[in-house]
Structures are given as C-alpha cells and as structure tokens.
1. Hey, could you pull the Cα Rg and Dmax for region 292-347, both in Å?
2. Please sort by residue number the trypsin sites (Lys or Arg not before Pro) in region 13-70 whose DSSP state is loop and whose Cβ has at most 16 other Cβ atoms within 10 Å.
3. Within the accessible area of region 13-136, what % is carbon and sulfur when the probe is 1.4 Å and the other protein chains stay in place?
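The values are calculated or read from the model by the stated rules, or taken from the named source; none is laboratory data. This is a predicted model, so every value here is computed, not measured. Neighbour counts are summed over all protein chains in view; Cβ atoms, including those assigned to glycine, are modelled from backbone coordinates with ideal geometry. Heavy atoms of the whole protein, side chains included, go into the accessibility calculation; ligands, DNA and RNA do not. Shrake-Rupley method; radii C 1.70, N 1.55, O 1.52, S 1.80 Å.
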Amino acid sequence: MSTSHPPSPSRSEVAAWRDHWQDEGDAAFLYRRLAAAARDPRQARLFAELAEVEEQHAARWADLLRAAGVSLPAHRPSLRARLTALLGRAAGWAALAGLLLAEEGRETRGYLRGAARYRHPDAAAAAARLARESAEHAARLAGMAGGAPGEPWHRTASGGFLRNAVYGFNDGLTANFGLVMGVLGANAPAHLIIVSGVAGLIADALSMGSSSYLAATSEREVYAHEIAMEREELRVMPDLEEAELAILYQARGMTPEAAALAAREVMRHPDRALQEQVQMELGIGQTAFSPLREGGITGMATAVGALIPVIPFLVLDGAAATWTSFAVSMLSHFLVGAARSVFTGRSALRSGLDMFLVGLGIAAVGFVAGEQVARLL
C-alpha cells in the first residue's frame, strides 16, 4: 500500500514562506516595542497579545521551512521594522495606526493568495488560518484607533501626520538641493546661494503647505457630502437602509435573525443609524481632522527639509561649505528614503538607495543647468 507525500515546495514557495517568517518576526518585534512604550494598560495588553500571536505565526513558518530543509538564523528585525519602532516611540501609537492597519492588510492579502496557490497542504492551511487571524488583528487595531469596523484591510491608510511630515521633508530637501546645486553651478557668491536657498525654502514650504491644506479641505468636503447624502437616504427610505444595515451586520458574522434585530434597534435612533452607515458602508471613520493642521505640518516639514542644503553655507565658507552641503544632503536623501519605506512597504535599504540616486541625479542636473545658464548670460 503506497502512501502519498505532499509535493515538495518550489523555490518561490520557500522564498514566500521565508518572507512570511521575517514579516511575522518583524511584527512581533514592533508590537513588543509598542507594548513597552504604551502608557495605557489596555493598549499595552493588546500589543503584548498581538506580539505573542505574531511570534506563534513566525514559529509556524519556521517549522515549515525547517521541514523543507531550510536552515534559519536567529530572527533579526529588519531596518524598516526598527525605523517604524523609532517612529512609534517618538510620535506615539496613534501616529502608526494607519501603518499597522496597512501592514495587517498586506499580510491578510498575502496569506489569502498563499492559501489558494501553495501546493503544500500544511502551508496552504497555515496561510488560510493566518489570513483570518491577521484580519482579526486589523479589526482590533481599527477598533482601538476609533476607526470604522468591518474590513479595514480593504482601505488605504494614510499614515497621518507622520506621512505628511516625511513626504513634506522629502519634497523640501529634494527641491532646494537642486536649487542650491544650480546656483553653485553658476559659480555664484555665497550670499546669493544663501538668498536663493532661503527664498526656495519659503516658496516650497508655502506651496506644499497650501497644497496639503486644499487637499485636506477637499477631502473633508467630500466626507461631508457623503454623510449628508446618507442622512437624506435614512430620512427618505428608512426601510431600505434598515435592510442594507442588516446585510452589513451579516457580513461581520451575525446570523440573519440577529442582524435584522440589531438593524431594527439601531434604526430607532437616527444619529446612531447614521454613524453606523457612515462607518460601515462608506468606510469613513474619524473625520474631525483639521486642514489647517495638515497644511501646517506639511509646510513646516518642507521648510526643515529645504533648510538642510543651506545650513552649511551659514556656518562655513568656500569648498568646505559646498562639500558639507553635498554630503549632508545626500545622507538626508538616503535617510528620508529609508523612512518612506515605512509607508510603502519596500526594503528600507533599497528605498534609501533609490532616494540617494535621485539626490545624486538632481545634484548633477542642477549643477550642469546652472553652469549652462551662467554661460548663456
């Protein structure tokens, strides 16, 4: 009598399992750090529980990898995980809420794909189970953050003010670095470099700040319009809205009878019904953000980034100022690229190197352009 053995995993499957192992270990590391830094005992307990579950997930993938003949080193948190932990310590858990939800969403989607594609039955079963648990993590985090219930892994989280700060800093640094290098290429005296750099700083900060303000204002107007429409629907066709609410409750796991009863009870309170529909149907959670705050954060971060290439010319002279500005700006490009990986999900090293090359290209183009313009004049 022959016994069937599960098919050996392919190289791509083993690589995917290893990525799962690294991701789960990174998540456990981050949740442990957040638990240690949390001031709220409830939050600390939740993060500790999530860290323990993530460690169990990592151990499951480690078992599968070892069974496939893969030797694993001791887990080391990735640079991206370490950067995220530093940001969490500096700005607090609330600033990372969107990032953590996005990460749990990425895990959920990855596991759902794995459950359908992995040939090894144990790996497919593990992916299916971990997809459910990652979705539960996302729902718990969304609830603690005061966001919309349901399936938060289907929504794109913005990352809050940290995202505005990082991208504003990046824009200011990149734009003003090119400007300073262009003025240097024109062989202008130091005081003109400073004047040009400060003028560029002010212009870029005002431009980015006002753009962020207008974008946030538009987003809030869209939210207000959607909420007004939902309020009118509740007034004009409450029976249809009640049926829709019952369906949404069923999607969250309630039985049809319990969902109908809950929907009927909620519809007795118009304000509560509106809140439920806005959150569950439209996916609109916290809408009380301030466009002025969004614009201010982006503008200030842009100004700080734009100041980086200018500072050396305020304290040094000649070639020392030029090379110091170049070195500090290139280092800042690498660091801000690594910081952006927190939002993009890419490797911090690769993202940093990409931004380093972008900065190098901007320096070259700006310098040559300034040199050519000076010759024409």
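1. Spelled out, the Cα radius of gyration and Dmax of region 292-347 are 14.1, 41 Å.
2. Qualifying residues, ordered by number: Arg39.
3. Heavy-atom surface of region 13-136 belonging to carbon and sulfur, 1.4 Å probe: 52 percent.
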